[in-house]
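Below: one structure, written as structure tokens.
Every read-out reported here was derived from the displayed coordinates using simple, explicitly stated rules and does not represent laboratory data. All values reported here derive from a predicted model rather than from experimental measurement. Note that we place each Cβ from the backbone using ideal geometry, even for glycine, and neighbour counts take in every protein chain shown.
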Amino acid sequence: MTSETQFKAWRVEEQDGAYKGAEQTLSTRDLPPGEVLIKVSYSSLNYKDALSASGNKGVTRSFPHTPGIDAAGEVVESATGTPAVGSQVIVTGYDLGMNTDGGFGEYIRVPSAWCVSTPAGWESETAMVYGTAGLTAGLSVQKLLTMGAKPEQGKVAVSGASGAVGSIAVELLAKLGFDVVAISGKADHVASLKELGATEVVGRDALAEDKKPMLKPAFANAVDTVGGTPLAELLKQIQPGGSVSCCGLVAGPQLQTTVLPFILRGVNLLGVDSVEIPLAEKEAVWNRFASAWKCPKAEASAKQIGRADLDEALKAFLKGESAGKIVLDHAI
Ligand SMILES: NC(=O)c1ccc[n+]([C@@H]2O[C@H](COP(=O)([O-])OP(=O)(O)OC[C@H]3O[C@@H](n4cnc5c(N)ncnc54)[C@H](OP(=O)(O)O)[C@@H]3O)[C@@H](O)[C@H]2O)c1
């Protein structure tokens, strides 16, 4: 297909310093240059999409813009032949949905180097049920495993546990045999977090600011998805030699800590980036989720929405009220 195609996209415009998203009809000629044109079936909702849609210039510099930092669908044009026309692909990260029009449109055009083959046996929908959040949860857990984390070492904490990244991290760690302590600000999510496999659910006050420089070790390892003060408090509670993987900033980008967890207990702080890493690292995580790491509860509990529901769903992210995985289905 080389002709122009009209399609629908949820487009954000700036009006007098305010940002508003609405459905618009665009043409494939409006898309940026790139080797691969993809008909997008599904995208997933991420905190970064909420930042983009609300005009955060650290994420998206200029508007109008179509957010959507991930997408899954079928290749309809391919200048290089790889991936092939007709193949199913996943695109996450790099510049998608930031300053390149993203998955909240029915078509995207991207470099071939951004495309991963959808694992055999997966539909595009399954790929986006995991989405960028699942990829990030997988990378966070992989970092702990690479550092030698083992269930017999003790409890593993997950902060922001009810969120998109946190909920998949809880299910995956539980599946791998870890004793998972879910840390959540949502009292009404205790049952659902236990259902995902958490053995214990504690409130966010477990990571409230404490003036003491170090605290009793409570966790062998942790996946932190929130950053800020909770991460600083988590580091004080990790047992000797343990690790904390860190991917998020919903509680703030600042990290005010001391060197004490590092020099007294040998704690490891592991950064997680799902955006710019080599494609092969992303592919390895997708293939694990399609086999040994399958998370059936996350797959079953994901919520599907249409473009008309995006505004409300993205606002919930910014208020910290979003829970679990939300998938944009372009057919709704
Ligand atoms: N490094 C990467 O490549 C990468 C990739 C994807 C996402 N991220 C980042 O990871 C973070 C989580 O993303 P997500 O998609 O899971 O977001 P999300 O669905 O909004 O989940 C974040 C969770 O954090 C908790 N939370 C919200 N505000 C908080 C606050 N002020 N203090 C403490 N906890 C708070 C809430 O869980 P509870 O109510 O259960 O506490 C919320 O559900 C975001 O910062 C996102 O930008 C990074």
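Annotations for the structure displayed:
- Take each peptide in 229-238, 252-261, 40-49, count the other Cβ atoms within 10 Å of every residue, and average; sorted highest first, the result is 40-49, 229-238, 252-261.
- FRET efficiency, Ala113 to Lys212 (Cβ-Cβ, R0 56 Å, nearest 0.05): 0.70
- Rounded FRET efficiency, nearest 0.05, which uses the C-beta distance separating Ile332 from Thr258 and R0 of 45 Å: 0.35
- Evaluated at q = 0.14, 0.23, 0.27, 0.32 Å⁻¹, a Debye calculation over the C-alpha positions of the range 83-126 (equal weights, vacuum) places log10 I(q)/I(0) at -0.33, -0.88, -1.13, -1.32.
- Partner aspartates and glutamates whose Cα lies under 12 Å from the Cα of Lys282, excluding those fewer than 8 positions away in the same chain, are identified as Asp273.
- Leu270 long-range amide H proximity, modeled H, under 5 Å: Val244, Ser245, Cys246
- DSSP bridge analysis restricted to the chain gives an antiparallel fraction near 60%, rounded to the nearest 5.
- Its convex hull of Cα atoms gives the chain a direction-averaged projected area, equal to a quarter of the hull surface, of 16.3 nm².
- Take the Cα of Ala292, step 7 Å toward its Cβ, do the same at Leu279, and the gap between the two points is 2.5 nm.
- Considering only alpha-carbon pairs that sit under 8 angstrom and 6 or more positions apart, the relative contact order computed for the range 132-271 is 22 percent.
- Relative contact order, percent, the range 246-332 [alpha-carbon distance under 8 Å, six or more residues apart]: 25 percent
- Ordered from longest to shortest, the equivalent ellipsoid semi-axes for the range 132-271 are 20, 16, 14 Å, each the square root of 5 times a Cα gyration tensor eigenvalue.
- Pairs over the 23 Å Cα-Cα cut-off, from the set Lys48/Lys150; Lys236/Lys325; Lys155/Lys303; Lys57/Lys319; Lys186/Lys297; Lys48/Lys315: Lys48/Lys150; Lys236/Lys325; Lys155/Lys303.
- Between Lys150 and Gln304, residue separation times 0.36 nm minus the direct Cα-Cα distance comes to 52.0 nm.
- Each peptide in 146-158, 295-307, 176-188, 59-71 receives the mean, over its residues, of other Cβ atoms within 10 Å, and ordering these scores from highest gives 59-71, 176-188, 146-158, 295-307.
- Under 14 Å, Cβ to Cβ, from Gln6 - net charge with Lys/Arg +1 and Asp/Glu -1: 0
- Most mobile listed residue (Glu35, Glu125, Glu171) in the chain, GNM with C-alpha springs under 10 Å: Glu35
- Relative contact order for the chain: 18 percent, from Cα pairs under 8 Å spaced at least 6 residues apart, divided by residue count.
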